[in-house]
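The values are calculated or read from the model by the stated rules, or taken from the named source; none is laboratory data. Model, not experiment: these values are computed from the prediction. With ideal geometry, Cβ positions are generated from the backbone for all residues, glycine too; neighbour counts draw on all protein chains shown. Remember, those area values only see protein heavy atoms, side chains included, never the ligands or the DNA or RNA. Shrake-Rupley method; radii C 1.70, N 1.55, O 1.52, S 1.80 Å.
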Amino acid sequence: MNDLIKQKLSILPDLPGCYLMKDRQGTIIYVGKAKVLKNRVRSYFSGSHDAKTQRLVSEIVDFEYIVTSSNIEALVLELNLIKQYDPKYNIMLKDDKTYPYIKITAERHPRLIITRQVKKDKGKYFGPYPHAHAATETKKLLDRLYPYRKCNLSGDRPCLYYHLGQCLCPSVHEVSESTYKEMNEDVSRFLNGGYKEMKKTLTEKMMAAAENLEFERAKEYRDQIANIEAVMEKQAMTMNDFTDRDIFGYAVDRGWMCVQVFFVRQGKLIERDVSLFPPYQEPEEELLTYIGQFYSKSAHLLPKEILVPQGIDTDIIRQLLDVNVLTPQRGKKKDLVNLAIQNAEISLKEKFHLIERQELRTIGACEELGEAMNISAPLRIEAFDNSHTYGADAVSAMVSFVDGKPNRKDYRKYKTMTAAAHDDYAAMREVVRRRYIRVLKDQLPLPDLIVIDGGKGHMEAAREIIEDELGLSIPIAGLAKDDKHQTAQLLYGNPVELIPLKRTSEAFYLLQRIQDEVHRFAITFHRQRRETNSLTSVLDGLTGVGPKRKKLLLKHFGSVKKIREASVDSLQEAGLPMAVAESIEAYFRKDDLQTEK
C-alpha cells in the first residue's frame, strides 16, 4: 500500500457512495458501491483475501470516491459508472445471449413479428421464449387466429395471406383502429392464459358446425384446437396464476459467484440464464448490481414480479426498477427460489475445473511469463509482425492480448509508408512509432510488454523508438522461430539474452498463441492488399472501371481468380452495368486465349 492510498483511507467518510479503483496507468479497473465508504474501501487493504481479490488489490495504486445521499443513488451511480468506464474487474453482462419475443408493432396498421431486441417504441412484447422455434410456432398459431398485416401498404390488390384469412390488407380494405385494438387485447389475453377460453369457444363452434353438416368448417376449428394444444400446452404448469416473473438465485464458492435466473412466463418455467464471475463485494451487493445491469440491457423485459433470496434489499430493487419484488417465505415461490439456488451451486461445481484450467492458460500464463522475465505480470501485451512479398505490398500488424486473451477491438493494420522495400528494421521503427504516438496522443493504456516477431535487430529497432525517441519504459521481447517456422526462443534484456522457458509451460503456450495470431493477422492483411493491387494492375486501362468498381468487384468475388472466371451475369449481379461487365469478361477471355498460345 503506497502513501497516497494510506492518506486517502484515513479521510474516507462514513457515508454511502461509489469508489473507483485505478491502476498504475490511471485506468479505472473496478467500480464498487458501499453503504459506508470508509468501511468498504478499507476492507480491500486489510485482512486476507482470495487470489482474485488479491490480484485486484495488487494492481490498485490510487482510488477516487463519490458520496451519494442514499443506497439507491449509490446503486444507480455504480451502474452508470460501470457502463461509462467498462472496468475489467467488474461484472459485464454482454448482449451475446438474447431471447426471442413476439411483438405487435406500434404502427397504424400493426404487424406481428419475432424480435430479439426489446425497445421503448410503444410496441407490445410477449416473451421471452426459450428459443426461436418456440416463438415461431407460437407466431404461426397467432397468424392463423389473428389477421395482422403481412403485406406492404403499396399494393392495389389483396395479397395471398388475405385469401388465407391471415391478413386484413389495409392497402385495399379500410381497417379501423378499433379492430386492431380488439385484436391486440385478444392476443394479450390469449398469451396470458386465455388460450384455454379460446380452445373452449372453438370446441363449441366445431361441434355446432358438425351438427349443421359443415364438415370443412368443423375441420378448420379442429385443426385450430390441435394447434393450440400442440403449441400452448406442451409443458406442465409450474404456477397457476399466469404471472410473468423472474426468479433469482445465487451461490458463492472459492472466490466465484454464480447467478441463475429462471424465467416463468404464462405460468411456465421456460428458460434460465446463467452467469459466473468473481465477486469483489459482498454477495448480496453483487446481486443488486447484477440485477440492475440485467434489466438495463435491451434483451431483458421487466416481468410483473421478481423473486429473490433472503438477505437481498428488495426496497432498492423496487425503487430502481419500479416492479414488484418479493422474498418468498414458503410455498411454490419459495421452492422456485431454492431451485435457482441449487442450480447455481451445481453450476459452480461443474465449472470449477474448466475455470481453473482457463485461469492457468490466461492470467496464470501472464504471471508465469512475468516471473521468467523478472518483470510485473504482463497483463496487457502488444505484438508486432511485418509481411511482404520480396519487398512488395509491405504491411505490418499489431495484435493485443489482455489477461492472456485476444483483445480484437485493439488490433491494428498498417501500410508502411516511409520504410524502403526489403528494410524490415525501418518498417518496424515506422509502425512502432505510429502506434505509440497514437497511444500517447489519445491517452490509451500502454502495454506491460511489447513482443516483436523477430530477433535482436527487430528488437533494437523497436527499442530505438520506445526508449530513445519517445522516452517510454516498456519491456520489449523478441520471438525467434526455428527452421520449421515454429516458436522457438524468447529473447529479452539489454544486452539481449535467451529466456529459458519449458515448451510445455503455459507461458510458452501463451507466446506461441500470440506469435501465431500476429502472424495470421499480418498475412491476412498482406493477402488482401496484394489482391487489391493485383486487381488494380490487371484492370488498369479498362473503360468504366475505376477504383470504386475495382473495390466493389474484390469485395463481391473475394479474389482476382474468381473475377477472372466470372460470367457477364455474375458481374452484373455484383453491381456493374452490362457494357462494363461485357468488357471485363471479354478482356479476361482474350487474356486467357493469349496465355494458352
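Just one of the numbered conditions (1) free of Cβ contacts under 8 Å to residues at least 60 places away in the same chain; (2) open to solvent by 60 Å² or more (accessible area, probe 1.4 Å) is not true of residue 327; which one?
Only one criterion in (1) free of Cβ contacts under 8 Å to residues at least 60 places away in the same chain; (2) open to solvent by 60 Å² or more (accessible area, probe 1.4 Å) is unmet by residue 327, namely (2).
Out of (1) under 19 Å from residue 108 (Cβ atoms); (2) surrounded by 18 or more Cβ atoms within 10 Å (Cβ to Cβ), what's the single condition that is false for residue 177?
With (1) under 19 Å from residue 108 (Cβ atoms); (2) surrounded by 18 or more Cβ atoms within 10 Å (Cβ to Cβ) applied to residue 177, the lone miss is (2).
Of the residues 487, 418, which single one is of a type in the set (Val, Ile, Thr), modelled with pLDDT under 90 and buried (at least 21 other Cβ atoms within 10 Å of the Cβ)?
487
So which of 91, 82 is aliphatic (A, V, I, L, M), surrounded by 15 or more Cβ atoms within 10 Å (Cβ to Cβ) and within 20 Å of residue 263 (Cβ to Cβ)?
Step by step, each of 91, 82 is checked, and only 91 is aliphatic (A, V, I, L, M), surrounded by 15 or more Cβ atoms within 10 Å (Cβ to Cβ) and within 20 Å of residue 263 (Cβ to Cβ).
Could you list, in sequence order, the residues of the range 399-413 that are part of a strand (DSSP E or B), under 14 Å from residue 439 (Cβ atoms) and of a type outside the set (Gly, Ala, Ser)? Break it down into steps so the answer makes sense when it comes.
Within the range 399-413, the subset part of a strand (DSSP E or B) is 399-402, 405-406, 412-413.
Retained after the next criterion (residues that are under 14 Å from residue 439 (Cβ atoms)): 400, 412.
Within the range 399-413, just 412 meets the criteria.
Within the range 97-116, does at least one residue satisfy the condition of being on the phi > 0 side of the Ramachandran plot and either outside any strand (DSSP E or B) or open to solvent by 20 Å² or more (accessible area, probe 1.4 Å) (or both)?
No, the range 97-116 has no match at all.
With the requirement that a residue be open to solvent by 60 Å² or more (accessible area, probe 1.4 Å) and among the hydrophobic types (A, V, I, L, M, F, W, C), what does the range 422-477 give you?
Within the range 422-477, 437, 440, 444 meet the criteria.
Could you tell me whether the range 142-157 includes any residue that is modelled with pLDDT of 85 or more, assigned to a loop (DSSP other than H, G, I, E, B) and open to solvent by 50 Å² or more (accessible area, probe 1.4 Å)?
The answer is yes, given that some residue of the range 142-157 is modelled with pLDDT of 85 or more, assigned to a loop (DSSP other than H, G, I, E, B) and open to solvent by 50 Å² or more (accessible area, probe 1.4 Å).
Could you check the range 126-141 and list, in sequence order, the residues that are under 26 Å from residue 201 (Cβ atoms), surrounded by fewer than 16 Cβ atoms within 10 Å (Cβ to Cβ) and not charged (D, E, K, R)?
Matches in the range 126-141: 136 only.
Check whether at least one residue in the range 347-356 is surrounded by 15 or more Cβ atoms within 10 Å (Cβ to Cβ) and either of a type in the set (Gly, Ala, Ser) or at pLDDT 90 or above (or both), and report yes or no.
Yes, the range 347-356 contains a residue that is surrounded by 15 or more Cβ atoms within 10 Å (Cβ to Cβ) and either of a type in the set (Gly, Ala, Ser) or at pLDDT 90 or above (or both).
For the range 280-302, which positions are assigned to a loop (DSSP other than H, G, I, E, B) and without any contact (Cβ under 8 Å) to a residue 60 or more places away in the chain?
Residues satisfying the conditions are 282, 302.
Could you list, in sequence order, all residues of the range 303-332 that are in a helix (DSSP H, G or I) and either at pLDDT 90 or above or hydrophobic (A, V, I, L, M, F, W, C) (or both)?
Scanning the range 303-332 gives 314, 315, 316, 317, 318, 319, 320, 321.
Name the single residue, out of those in the range 77-116 being at pLDDT 80 or above and of a type in the set (S, T, N, Q), that is nearest to residue 280 (Cα to Cα).
Filtering the range 77-116 for residues at pLDDT 80 or above gives 77-90, 100-116.
Next, only the ones that are of a type in the set (S, T, N, Q) stay: 80, 84, 90, 105, 115.
Values: 80: 18, 84: 19, 90: 8, 105: 42, 115: 35 Å.
So, considering only residues that are at pLDDT 80 or above and of a type in the set (S, T, N, Q), the one nearest to residue 280 (Cα to Cα) is 90.
Show the residue pairs meeting these rules: Cβ distance below 7 Å; 6+ apart or different chains; first residue within the range 60-89 and acidic (Asp, Glu); second residue surrounded by fewer than 16 Cβ atoms within 10 Å (Cβ to Cβ).
As it stands, the answer is 62/4; 86/92, since those pairs meet every condition given.
Determine, yes or no, whether residue 368 is in contact with a helix residue (DSSP H, G or I) (Cβ under 7 Å, 6 or more places away or on another chain) and at pLDDT 80 or above.
Values: in contact with a helix residue (DSSP H, G or I) (Cβ under 7 Å, 6 or more places away or on another chain): yes; at pLDDT 80 or above: yes.
Considered against the rule, which asks whether it is in contact with a helix residue (DSSP H, G or I) (Cβ under 7 Å, 6 or more places away or on another chain) and at pLDDT 80 or above, residue 368 comes out as yes.
Would you please list the contacts, defined by Cβ atoms under 9 Å and residues six or more apart or on different chains, that run from a residue in the range 10-25 that is touching a residue at least 40 places away in the same chain (Cβ under 8 Å) and farther than 22 Å from residue 90 by Cα to a residue that is crowded, with 21+ Cβ neighbours inside 10 Å and of a type in the set (S, T, N, Q)?
Pairs that qualify, where the first residue is touching a residue at least 40 places away in the same chain (Cβ under 8 Å) and farther than 22 Å from residue 90 by Cα and the partner is crowded, with 21+ Cβ neighbours inside 10 Å and of a type in the set (S, T, N, Q): there are none.
Out of the residues in the range 34-75 that are part of a helix (DSSP H, G or I) and open to solvent by 60 Å² or more (accessible area, probe 1.4 Å), which is nearest to residue 14 (Cα to Cα)?
Only one residue fits best here, namely 39.
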